[in-house]
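Below: the structure, in structure tokens.
The values are calculated or read from the model by the stated rules, or taken from the named source; none is laboratory data. Predicted model only: the values in this text are computed from it and were never measured. Here Cβ is always computed from backbone atoms with ideal geometry, including for glycine, and neighbour counts include all displayed protein chains.
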Amino acid sequence: MVEVRARRAAAAVLAAAAVLGSGTACGVADAGEESVAGADRLVIGVNADQPGVGEGRGGGYEGFDIDVAKEIARRLGVTGANLAFKRVTSATREKMLGNGDVDLVVASYSVTPERKVDVSFAGPYYVAHQDILVRASDGAKIRSIHDLKGRRLCRVRGSVSFPRVHDEQGIAALPVEADGYADCLTDLVAGRLDAVSTDDLILAGLAGKASGSGQRLSVVNAPFTDEPYGVGIRKGDVAGCEAVNKAITEMYQERTAPALLKRWFGTSGLKITTTVPQFEGCV
């Protein structure tokens, strides 16, 4: 997706790495690949089923992640018609990055050791926490992760949220398959699920959407993980990763990121962190 200017930037980085020697390479993976640093155009992968975070509306997209993606692109010098969004899902993010269908992914993309095998991550731009969403009428029954034992819990294909409960925490919840969190919300409201467990920003958005339709849901407020939201980038694009990290740092220094968090989640009751997260490092 990236254009001619990206090739020049990649070539410069590779030349510098060659001078320093193979043991200190800090550029893109190989000479035939391009970096998002200095790109003329960008296609960014985003979610379309997470209200408040990334949602498809009116032929476009809106949410916290969408605004973050726009800010990062702007600070990389890409705006207007040169910036496009493409829908990704938890199950397609790695493949679409690897195929070159998207240049970056900003889609509540938690950084994990397993994902870092195939994808590089800039950031994180925020650290969320996994929590639980239930019908308000069930609030007294489900107060922590331990109360999910034997209960129907949404499992989104490609997401790490259900394995965090079932495999890592050893809670014998009953999986109900879904393609995305919009399906989880529909099933929870309809009584086909007992709970949804994923990042608190996503849960807050789902609860807000349900309340707009007269449905009362509540976040349990019993967080049990840290979920660092990274910007997915092609493996080995160190120059691009460093450029995105610079953009994220500027967003916090200039108070842009805290303003976006307040805009989308200021009335949710969640405790929002407004300081720049500790970066993973570009490798």
Answer with yes or no whether ALA207 is closer than 30 Å to VAL176 by Cβ, crowded, with 23+ Cβ neighbours inside 10 Å and outside the structural domain of GLU114 (by TED's automatic domain parsing).
-> yes
Just a yes or no: is a residue in region 166-179 under 21 Å from the mean Cα position of the chain (by Cα), surrounded by 16 or more Cβ atoms within 10 Å (Cβ to Cβ) and under 20 Å from LYS149 (Cα atoms)?
-> yes
In region 62-89, which residue that is more than 18 Å from TYR125 (Cβ to Cβ) and in contact (Cβ under 8 Å) with a residue 40 or more places away in the chain is nearest to the chain's Cα centre (by Cα)?
-> THR89
Mind checking which residues of region 42-61 are touching a residue at least 40 places away in the same chain (Cβ under 8 Å), of a type outside the set (A, V, I, L, M) and in a strand (DSSP E or B)?
-> GLY45, ASP49, GLN50, GLY54, GLU55
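Given LYS95, LYS70, which one is basic (Lys, Arg) and in contact with an Asp or Glu (Cβ under 9 Å, 6 or more places away or on another chain)? Even if it seems obvious, please write down each step before you answer.
Working: LYS70 fails: in contact with an Asp or Glu (Cβ under 9 Å, 6 or more places away or on another chain).
Going through LYS95, LYS70 in turn, the sole match is LYS95.
Can you tell me which of GLY214, GLY232 is of a type outside the set (S, T, N, Q), outside any helix (DSSP H, G or I) and either assigned by TED's automatic domain parsing to the domain that holds VAL134 or free of Cβ contacts under 8 Å to residues at least 12 places away in the same chain (or both)? First the steps, then the outcome.
Working: GLY232 fails: either assigned by TED's automatic domain parsing to the domain that holds VAL134 or free of Cβ contacts under 8 Å to residues at least 12 places away in the same chain (or both).
Step by step, each of GLY214, GLY232 is checked, and only GLY214 is of a type outside the set (S, T, N, Q), outside any helix (DSSP H, G or I) and either assigned by TED's automatic domain parsing to the domain that holds VAL134 or free of Cβ contacts under 8 Å to residues at least 12 places away in the same chain (or both).
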Residue count, region 151-190, condition without any contact (Cβ under 8 Å) to a residue 24 or more places away in the chain and either farther than 25 Å from ARG93 by Cα or in the same structural domain as PRO113 (by TED's automatic domain parsing) (or both), comes to 3
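Can we say ARG93 is more than 29 Å from GLY191 (Cβ to Cβ), buried (at least 17 other Cβ atoms within 10 Å of the Cβ) and at pLDDT 95 or above?
On the way: more than 29 Å from GLY191 (Cβ to Cβ): yes; buried (at least 17 other Cβ atoms within 10 Å of the Cβ): yes; at pLDDT 95 or above: yes.
When the stated conditions are applied, ARG93 passes them.
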When region 249-283 is checked residue by residue, the ones that are surrounded by fewer than 18 Cβ atoms within 10 Å (Cβ to Cβ), farther than 23 Å from VAL219 by Cα, among the β-branched types (Val, Ile, Thr) and not assigned by TED's automatic domain parsing to the domain that holds PRO124 are THR275, VAL283
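Restricting attention to region 65-81, and to residues there that are acidic (Asp, Glu) and surrounded by fewer than 24 Cβ atoms within 10 Å (Cβ to Cβ), which single residue is farthest from VAL53 (Cα to Cα)? Steps first, please.
Residues of region 65-81 acidic (Asp, Glu): 65, 67, 71.
So of that shortlist, the ones also surrounded by fewer than 24 Cβ atoms within 10 Å (Cβ to Cβ) come out as 67, 71.
On the way: ASP67: 9, GLU71: 15 Å.
So the residue we want is GLU71.
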Is there a residue in region 109-125 that is in contact with a Leu (Cβ under 7 Å, 6 or more places away or on another chain), at pLDDT below 95 and surrounded by fewer than 18 Cβ atoms within 10 Å (Cβ to Cβ)?
-> no
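Before we move on, is THR198 crowded, with 20+ Cβ neighbours inside 10 Å, of a type outside the set (D, E, K, R) and not in a loop (DSSP other than H, G, I, E, B)? Write out each step before concluding.
On the way: crowded, with 20+ Cβ neighbours inside 10 Å: yes; of a type outside the set (D, E, K, R): yes; not in a loop (DSSP other than H, G, I, E, B): yes.
Spelling it out, THR198 is indeed crowded, with 20+ Cβ neighbours inside 10 Å, of a type outside the set (D, E, K, R) and not in a loop (DSSP other than H, G, I, E, B).
Among VAL160, VAL134, which is the only one that is farther than 24 Å from GLY269 by Cβ, in contact with a Ser or Thr (Cβ under 9 Å, 6 or more places away or on another chain) and not basic (Lys, Arg)?
VAL160
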